[in-house]
Structures are given as C-alpha cells and as structure tokens.
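The values are calculated or read from the model by the stated rules, or taken from the named source; none is laboratory data. The structure presented is a predicted model; accordingly, all values stated were derived computationally and were not measured. Quick reminder, even Gly has a Cβ in these numbers, built from the backbone with ideal geometry, and neighbours come from all protein chains shown. When the accessible area is computed, the model is the full protein with side chains, heavy atoms only, and any ligands, DNA or RNA have been set aside. Shrake-Rupley method; radii C 1.70, N 1.55, O 1.52, S 1.80 Å.
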Amino acid sequence: PEQGLLPDQPTTVLTPPGGDVLNAILRSWEENRKPARVLMVLDVSGSMADTVAGSGASRLELAQDATLVALDGFAPQDEVGLWIFSSERGQNSDTPYTSLVPVGPAQTSLPQIEAVVPNLIASGGTALYATTKAAHAELEADASDARIEAVVLLTDGVNEHPDNDLDAVLEALETEPGEPSVRVFTIGYGEDADQETLQAIAEASDARSYNASDPLAIEQVMIDVISNF
C-alpha cells in the first residue's frame, strides 16, 4: 500500500474483444466520425531545396513524399485542398500563395493533389503570416460545426514577407463566441523553422504545433497530424 498498490485488488479482469470486433469498431469510427474539411498548405520557399544530410534528398522532396503518404489518412467523406506559398509568388502583393487544388470532396481532390505534389519546385522566401491568415479565412468563410475545419501548415523558415504583424495573425485566428472554429495545425520543418511562432499560431486557433526539426521524421509527423481528423 505504501507504494500505491492494493493487496486486495479486484480480481475480475475484462477480456479484450476479439479481432473481428476490434476491426468493426475501427470501421465504424471511420464511417461515423465527424467529416473533416482540411486545407494543406506547404512552404515551397528556396530553403526547401536544401539537401537533408543522410538522405540524399531535399527538404521539399521529403515533404512531398510525406504528404503523399499522409493522404491515406483521409476518409471518403472528408474534403481536402492544397495551397503552396513563397514570397516569390507575390513579394509585393497580398497573395504570396497559390491554390493548386481547391478544397473539395476527397474522392476527387486527393487524386489531383497526388498529381501536383511531385511537381513542386522550391524558390523565393517564406510568406508565413499572410498565408496563414488567408488559409484560415478561406475555411472560415464557409465553416460549419458539422465538420472538423482545419489548416495543416508546413514551413521550414521564418516570415520574410512585408506582412510581418504577428499580433494581427493571432487575432485573426481567434474564434468568436458561437462561431465554428478553424484550427491551424503547424509543422516546424527543419532546424531553421520558427517553432515559437508556429506554437503561438497553433495555440491561438486551439490546435497543436508539431516539431519536425529533424527532416527525416517528417513522414511520421505528417501522419500524426492527419490522425487528428
């Protein structure tokens, strides 16, 4: 007892259900969980072309592979889209990002994402703040409590775009009382990612930030992020 144990503990033990039952439970979860509406946002700034030691691949190549693997985590009833961003895509504009696949039913959007992801090219700087606000607003405009509304944002750097007001970003991510929430799950990719800022962004939207400072771990990190949905 002094170690926190009960010598006269109950002797009844619950027997785990059989494999067929467990499989049925898993299938039921996928069929009956709240559908997800997710916008994936990938940093394609120039630093993503850097080679990752011990892999022979660039940060972008590893992120591309991880993204394709993680797509298997979505269910048929989900909606998914893909944006990419870098400051070169609009250094002097408010739109340093590109919508490659609009958010839509997984059955049609996932094949489109699988087709465009291998062709991504890294260039330019990191337009983190402007892209974060825009991606959040994109989902917020049609958000519903009937769905999981989320942005998955991966970046390997710090904000290098003229829009540099972090407080404005955090304020934009807050959900008004009674309004559906849009959460921004952030992935700090590589040693140069601004993990502190990404943590603040995730917390402001009631989400979670993931640390992928070791680029070789990005596949598992991406899988973990998608498992939220």
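Length gained on full extension, Glu114 to Leu22: 30.0 nm, using 0.36 nm per residue less the C-alpha separation. Along the charge dipole of the range 178-218, Cβ charges K/R +1 and D/E -1, which of Ser209, Gly178, Tyr189 sits furthest on the positive end? Final value for the positive-end residue is Gly178. Against the main long axis of the alpha-carbon atoms of the chain, helix 19-32 sits at an angle near 40°.
Accessible surface for the range 115-213, divided over its residues, is 44 Å² per residue with a 1.4 Å probe.
Among the GluC sites (Glu not before Pro) in the range 1-73, those located in a DSSP loop and surrounded by at most 14 other Cβ atoms within 10 Å of their own Cβ are Glu2.
Counting DSSP beta bridges with both partners in the chain, what percentage is antiparallel, nearest 5? That works out to approximately 25 percent antiparallel.
Within the range 1-50, none of the trypsin sites (Lys or Arg not before Pro) combine a DSSP coil assignment with at most 10 other C-beta atoms in a 10 angstrom radius. Relative to the longest principal axis of the Cα atoms of the chain, the long axis of helix 106-116 makes an angle of roughly 50 degrees.
The angle between the Cα long axis of helix 128-140 and the longest principal axis of the Cα atoms of the chain comes to about 60 degrees, rounded to the nearest 10. Treating r as the C-beta distance of Asn32 and Thr95 and R0 as 30 Å, the FRET efficiency rounds to 0.20.
Could you tell me whether the range 52-191 comes out rounded, prolate or oblate from its Cα gyration tensor? Rule is a ≥ b ≥ c as square roots of the eigenvalues, rounded for a/c under 1.5, then prolate if a/b exceeds b/c, otherwise oblate.
Verdict is oblate for the range 52-191.
When a 1.4 Å probe is rolled over the protein heavy atoms, the share of accessible surface on the chain that falls to carbon and sulfur comes to 49 percent. Rounded to the nearest 20 debye, the dipole size of the chain about its Cα centre is 660 debye, using +1 on the Cβ of Lys and Arg and -1 on the Cβ of Asp and Glu.
Computed on the chain, with alpha-carbon pairs under 8 angstrom and 6+ residues apart, the relative contact order is 21 percent.
Calculated FRET efficiency, Asp192 to Gln220, Cβ-Cβ distance, R0 = 22 Å: about 0.65 to the nearest 0.05.
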